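A short reminder: the numbers here are calculations on the coordinates, not readings from a lab. Computed from a predicted structure; not experimentally measured. Here Cβ is always computed from backbone atoms with ideal geometry, including for glycine, and neighbour counts include all displayed protein chains.
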Amino acid sequence: MDSRRLFFAIWLTDRQRDALRDTVQPVLSGIEGDFVDRRNWHVTLVFVGQFPENNLASLQASVADIRIEPFRLRFDRAGFWPRPKIACLETAVVPDELQRLVGYIRQAAEPLGVRPEEHAYRPHITIAKRCRPFTTQRLARAVELQCSDFTLVETVSVRGGVQYHPLKQ
C-alpha cells in the first residue's frame, strides 16, 4: 500500500517569509547547521507521519469543517532544540486560538490513526537542521504573522533534502 508523509501546518506566504528572512538574517551568522530553504518555512500544527494514500480524502474530510479563528503569532527569538538538533524561530506566547486549532485537528485526525503527540505543542519555524548548540538569541525586532488558515502538507524526499508540497488548504 502506498503512503505519504504528511503534516498540518500554517503555510507561510512569500511576504511573510520575506519579513522573517530580513529579521532573522543578523542571527544566522551565529548558527552552524544546514539551513532550511525559506520556501519550506512553515509552522507545524499536527504531525501526521506516514499515511495511506487511499485514505487521504478521509483525512482531508475530517478537518474540512474546522474553522480557524484568525490570530497573530509573534516570533521574537531564535532558539536551539537539542533533541532534534534544530535552530528555530520561537514565540513566547501561544495564542489560545492556536491551541484550540491544534486540539481540533488532533481530535479530527485521531480516529483515522493519527497518534497524538506526547509533548506540549510549541509553535516554531525550523530555520536550520543538524545544528551545533547555541544560546537563544532575541531578534532585533519581533515578526508578527497574521494566521487565518491551515494546510495539509506532504514531505517529499528530493536529492539533497526534502521539499514540502501543500496539498489542500
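So the values come out like this:
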{"item": "Neighbour-limited loop hits for trypsin sites (Lys or Arg not before Pro), segment 37-75 (at most 15 other Cβ within 10 Å; DSSP other than H, G, I, E, B)", "result": "R67"}
{"item": "Segments 139-145, 157-163 sorted - mean Cβ within 10 Å per residue, highest first", "result": "139-145, 157-163"}
{"item": "Length released on extending from D22 to H165, taking residue separation times 0.36 nm less the Cα-Cα span", "result": "49.1 nm"}
{"item": "Cα-centre dipole for the chain with unit charges at Cβ (Lys and Arg positive, Asp and Glu negative), debye to 20", "result": "500 debye"}
{"item": "FRET E, pair Q50, R72, Förster distance 35 Å, beta-carbon r, rounded to 0.05", "result": "0.60"}
{"item": "Entry for Rg and Dmax of the Cα atoms in Å (calculated from the structure that is shown) out of [x] 14.7, 42; [y] 16.0, 49; [z] 15.5, 44", "result": "[y]"}
{"item": "Share of pairwise Cα separations in segment 33-107, more than 19 Å, in percent", "result": "52 percent"}
{"item": "Segment 100-169 - Rg and Dmax from Cα coordinates, angstrom", "result": "15.8, 43"}
{"item": "Order of W11, W81 under a 10 Å beta carbon neighbour criterion, fewest first", "result": "W81, W11"}
